[in-house]
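In what follows, a structure is listed as structure tokens, so that the remarks can point back to it.
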Amino acid sequence: MGVFFGTDGVRGVVNNDLTEELAQMVGNALARAKKKAKIIVGRDTRVSGSYLTAAFSTGALKGGASVLDVGIVPTACISYLVKHKKADYGVVISASHNPKEYNGIKIFDSEGRKISEKQESALERYFACPMIVASTKVGKYKFSPSAANAYVKFLLASVKTDLTGLKIVLDCANGAAYKIAPQIFSKLGGKVVKTNCQSSGKKINEKCGSTCIGGLKEKVVKEGADVGFAYDGDSDRVLAVDEQGNVLDGDQLIYILAKHFSKQGTLNAGTVVGTSHTNTGLLIALNRNKINLVRTDIGDKYVIEAMQKMNLTLGGEQSGHIIMRNFLPTGDGILASLQVASILKSSGVKMSALCDAKLLYQANKSVIVVDKLKVLNNEKLSQKISQILNEIAPAGRLLVRASGTEPKIRIMVEHQDKNKADEYLNEIEKIITSI
């Protein structure tokens with residue numbers, strides 16, 4: 001991990017951690033990384049999006065790169081377009097699931113894959129000495145929101161099942177999916193009920209979307225819908241709600257997809273990739289269906305790296321990042337929800353019947369801290385973690401980690417006994433808050 005790049009690109013509070021100057025430096029670094037670079041840039045709905053897009057583009061143009069700005073689009077749209085249009089880089093101005101005051105810069109290579117940590121470190125070396133080319137060699141800027149139509153066609157072609165007869169509630173988190181997701185589901189015949197589909201960016205991820213799914217649960221039940229899908233700010237995550245108002249997280253959606261792809265013969269090596277957070281109940285259910293699970297560190301970049309290394313086709317995270325490499329080399333919430341909806345329609349059963357995996361109870365908590373490293377290196381916390389790990393094995397698991405995108409320590413305790421899990425979590429939380 002570099003000085004400026006974190007676990008998912010550059011990210012921070014705008015005009016604090018993420019400044020106009022930093023955005024320019026990233027743009028200029030990409031211009032230096034490849035001569036006469038062609039860059040496609042898109043953003044989510046955040047108020048700061050146009051500001052940072054302009055700053056990034058200025059830096060790139062100064063270095064001689066050309067920029068195609070496609071406006072407000074999901075992150076996966078950029079992953080698709082960069083290869084479709086044979087560009088050198090794709091850039092997304094977004095802070096994904098983070099609050100509205102945050103923003104970020106994600107970078108994709110010419111194949112539509114997120115660039116590696118090694119590539120990020122190489123870009124940072126250019127930051128200290130920006131390149132400014134002669135006035136006759138500066139790059140060209142073009143704004144073309146219609147370029148996203150190619151991505152819409154790709155999504156429509158990804159499913160063969162007509163969705164007529166399904167009533168679907170879509171919570172777009174007031175983010176990048178606000179227009180495209182309802183458009184796609186409607187074109188495929190679904191009866192769409194929209195919620196949190198504002199485009200102003202003033203309420204992106206605010207008590208809505210995949211990070212706050214309570215409203216969708218109520219909406220699905222009230223509308224008598226067959227299913228509901230909730231995305232995050234840039235639509236690279238998705239969670240679902242069944243007709244009874246029960247939440248299906250990324251683990252459960254991966255299970256539904258894995259069984260379907262296995263039957264189709266498109267699940268390479270009969271294996272899916274999850275993370276250390278992936279529920280043990282999912283592992284048991286997958287094995288029951290003769291499907292293997294490989295775990296990685298938490299973070300979709302690690303899931304994708306493992307999938308590429310082992311040539312696997314399905315992987316993801318409990319948080320809703322779902323990667324289907326037969327379609328795209330990155331997570332796409334809209335694509336994943338379309339596949340699940342197609343499975344639901346063709347199955348002829350209720351959404352609640354699609355997932356028969358029985359998950360173990362997980363207690364999760366995020367604790368805001370000032371210094372993540374200080375907390376994780378605390379001896380008292382380390383001793384408590386070791387003690388709990390000894391007590392909890394083999395019936396449970398404990399994870400304590402730093403968030404890669406926010407000033408938080410995340411705690412997860414998995415155990416078949418809810419009371420024990422909550423007890424262990426509270427013990428860890430008390431120590432963290434006392435440090």
Task: Failed item, numbered, when ASP249 is tested on (1) modelled with pLDDT under 95; (2) under 30 Å from GLU218 (Cα atoms); (3) in contact with a Gly (Cβ under 8 Å, 6 or more places away or on another chain) - done: (1)
TODO: Kindly indicate whether any position in the range 69-82 is closer than 21 Å to ALA181 by Cβ, among the aromatic types (Phe, Trp, Tyr) and outside the structural domain of ILE334 (by TED's automatic domain parsing).
DONE: yes
TODO: Can you give me the ranges of the strands (runs of 3 or more DSSP E) entirely in the range 294-381 with at least 3 residues that are under 21 Å from GLU243 (Cα atoms)?
DONE: none
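Considering only strands (runs of 3 or more DSSP E) fully contained in the range 1-73, which possess at least 2 residues that are more than 27 Å from LYS137 (Cβ to Cβ)?
Working: elements: 9-13, 38-43, 66-72.
Passing ranges, in order: 9-13.
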Open item on the list: One residue is enough: does the range 129-151 have a residue meeting the conditions in contact (Cβ under 8 Å) with a residue 12 or more places away in the chain and in contact with a His (Cβ under 6 Å, 6 or more places away or on another chain)?
Closed with: yes
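Considering only the range 164-280, give the strands (runs of 3 or more DSSP E) lying wholly within it that have at least 2 residues that are among the hydroxyl-bearing types (Ser, Thr, Tyr) and in contact with a strand residue (DSSP E or B) (Cβ under 6 Å, 6 or more places away or on another chain). Give the derivation first.
Working: elements: 167-171, 191-195, 227-231, 238-242, 271-275.
Of the strands (runs of 3 or more DSSP E) lying wholly inside the range 164-280, those with at least 2 residues that are among the hydroxyl-bearing types (Ser, Thr, Tyr) and in contact with a strand residue (DSSP E or B) (Cβ under 6 Å, 6 or more places away or on another chain) span 271-275.
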Open item on the list: What pairs come out if I take residues in the range 365-392 that are in contact (Cβ under 8 Å) with a residue 40 or more places away in the chain and pair them with residues that are exposed (fewer than 11 other Cβ atoms within 10 Å of the Cβ) whose C-beta lies under 9 Å away, six or more apart or interchain?
Closed with: LYS380/SER434
Open item on the list: Suppose we filter VAL294, VAL273, VAL303 for residues that are within 18 Å of the chain's Cα centre (by Cα) and farther than 16 Å from ASP236 by Cα; which single one remains?
Closed with: VAL273
TODO: Would you check which residues across the range 91-117 are surrounded by fewer than 18 Cβ atoms within 10 Å (Cβ to Cβ) and either under 16 Å from the mean Cα position of the chain (by Cα) or more than 22 Å from ILE323 (Cα to Cα) (or both) and list them?
DONE: PRO99, GLU101
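Can LYS62 be described as touching a residue at least 40 places away in the same chain (Cβ under 8 Å), surrounded by fewer than 21 Cβ atoms within 10 Å (Cβ to Cβ) and out of contact with any strand residue (DSSP E or B) (no Cβ under 6 Å at 6 or more places or on another chain)? Step through it out loud before you land on a result.
Values: touching a residue at least 40 places away in the same chain (Cβ under 8 Å): yes; surrounded by fewer than 21 Cβ atoms within 10 Å (Cβ to Cβ): yes; out of contact with any strand residue (DSSP E or B) (no Cβ under 6 Å at 6 or more places or on another chain): yes.
Yes, satisfied.
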Task: Residues satisfying the stated conditions in the range 382-415, i.e. among the polar types (S, T, N, Q) and either modelled with pLDDT of 90 or more or assigned to a helix (DSSP H, G or I) (or both) - done: SER382, GLN383, SER386, GLN387, ASN390
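Keeping to the range 101-142, report how many residues are aliphatic (A, V, I, L, M) and part of a helix (DSSP H, G or I). Explain how you work it out, then say what you get.
Residues of the range 101-142 that are aliphatic (A, V, I, L, M), as a first pass: 105, 107, 115, 122-123, 128, 131-134, 138.
Among the residues that remain, those that are also part of a helix (DSSP H, G or I) are: 122-123.
Within the range 101-142, residues that are aliphatic (A, V, I, L, M) and part of a helix (DSSP H, G or I) number 2.
The values are calculated or read from the model by the stated rules, or taken from the named source; none is laboratory data. Predicted model, so just to flag it, every value in this text is computed and none were measured. Using ideal geometry, Cβ is built from the backbone for each residue, glycine included, and neighbour counts are taken over all protein chains shown.
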